[in-house]
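Enquirer: So that we are looking at the same thing, I have put the structure below in structure tokens.
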Amino acid sequence: MSEEQSNEEQLSAEQRRLRELRVSDQEREHVVELLKTATGRGLIDLDEFSERADTAYAARTRGELNKVLIDLPGLVHPEAAVIGVGNRTVAAGVTVPIPVPSEQLVLRAHGSNLVRKGQWTVPSAILVRNRYGDARLDFSEANMTSDVVHIELDVKWGSVHLIIPEHASLDLNALNDVKWSSVNDKTRGGTGAPRFVVTGRLTGSSLNVRHPRRGLFSF
């Protein structure tokens, strides 16, 4: 009998039930934050982080979600069921802070096209998580809620197209993790509001930023 089979048999019915519980987006985001902590400690490299983050976002149950943390000491008990309590998470008797949800809008594209255009509401922070996909964000007619919009990119083998208003300003100075990628800024250096601050990382990807075309089509 394998060690894995033996461990499975030792699980109580309650433990197995907890492992099969469905996970929420907040739990997935929390686990990805733990993976970022592990990367900062040198426990995993950036490629491992990317692979594990993809697995975490695809996880449906707590058992599947915890697999990405099982060999990372100090982050979660191997068979712990993550249970939300207020703004904290209890895991095998250890209390771990959960980041307080903000107004950040998370947009994901995995092998697909993702488009936001027209009169959509733009919060002060956007995370674009793109794997083998195409994300197109048109802010030219959007309803802005802040004078500064922080756009964090986590893009691997994909593309991102940003269309910002003529009067808007753009800051790409904090986009400093670019590997095998291209950044194409066709804006004319506006100095007004809103100000778009782009951060994050690109791997094997492209980022294109421009003003609206004067014609019938936005893209």
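Enquirer: Can you run down the residue pairs with Cβ atoms below 8 Å, 6 or more apart or on separate chains, where the first is in the stretch 27-39 and in contact (Cβ under 8 Å) with a residue 12 or more places away in the chain and the partner is hydroxyl-bearing (Ser, Thr, Tyr)?
Expert: Glu27/Thr89; Arg28/Tyr57; His30/Thr89; Val32/Tyr57
Enquirer: Quick one: in the stretch 36-70, of everything that is open to solvent by less than 60 Å² (accessible area, probe 1.4 Å) and touching a Phe, Trp or Tyr at 6+ places or on another chain (Cβ under 8 Å), which residue is nearest to Val128 (Cα to Cα)?
Expert: Once the filter is applied, the top-ranked residue is Thr39.
Enquirer: Among strands (runs of 3 or more DSSP E) lying entirely in the stretch 126-219, which contain 1 or more residues that are in contact with a His (Cβ under 6 Å, 6 or more places away or on another chain) and either at pLDDT 90 or above or not hydroxyl-bearing (Ser, Thr, Tyr) (or both)?
Expert: 134-138, 192-203, 206-210
The rows are residues; the columns are (1) over 28 Å from Ala125 (Cα atoms); (2) modelled with pLDDT of 80 or more; (3) out of contact with any Gly (no Cβ under 6 Å at 6 or more places or on another chain).
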position: Glu14; (1), (2), (3): yes, no, yes
position: Val23; (1), (2), (3): no, no, yes
position: Asp54; (1), (2), (3): no, yes, yes
position: Glu64; (1), (2), (3): yes, yes, yes
position: His77; (1), (2), (3): yes, no, yes
position: Val100; (1), (2), (3): no, no, yes
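Enquirer: Under 9 Å by Cβ, and 6 or more places apart or on different chains, what pairs join a residue from the stretch 106-118 that is open to solvent by less than 40 Å² (accessible area, probe 1.4 Å) with one that is in a loop (DSSP other than H, G, I, E, B)?
Expert: Pairs found: Ala109/Tyr132; Ala109/Gly133; Ala109/Gly158; Leu114/Gly133; Gly118/Glu141; Gly118/Ala142; Gly118/Ser218.
Enquirer: Please verify whether the stretch 128-141 includes one or more residues that are touching a strand residue (DSSP E or B) at 6+ places or on another chain (Cβ under 8 Å), hydrophobic (A, V, I, L, M, F, W, C) and open to solvent by 20 Å² or more (accessible area, probe 1.4 Å).
Expert: Within the stretch 128-141, none of the residues are touching a strand residue (DSSP E or B) at 6+ places or on another chain (Cβ under 8 Å), hydrophobic (A, V, I, L, M, F, W, C) and open to solvent by 20 Å² or more (accessible area, probe 1.4 Å).
Enquirer: Next question, about the same structure. Are any of the residues in the stretch 83-92 of a type in the set (S, T, N, Q) and either open to solvent by less than 70 Å² (accessible area, probe 1.4 Å) or modelled with pLDDT under 80 (or both)?
Expert: Yes, the conditions are met somewhere in the stretch 83-92.
The values are calculated or read from the model by the stated rules, or taken from the named source; none is laboratory data. This one's a predicted model, so the numbers in the text were calculated from it and none came from an experiment. In this analysis, Cβ positions are derived from the backbone assuming ideal geometry, glycine residues included, and neighbour counts consider all displayed protein chains. Accessible surface areas use protein heavy atoms only, side chains included; no ligands, DNA or RNA. Shrake-Rupley method; radii C 1.70, N 1.55, O 1.52, S 1.80 Å.
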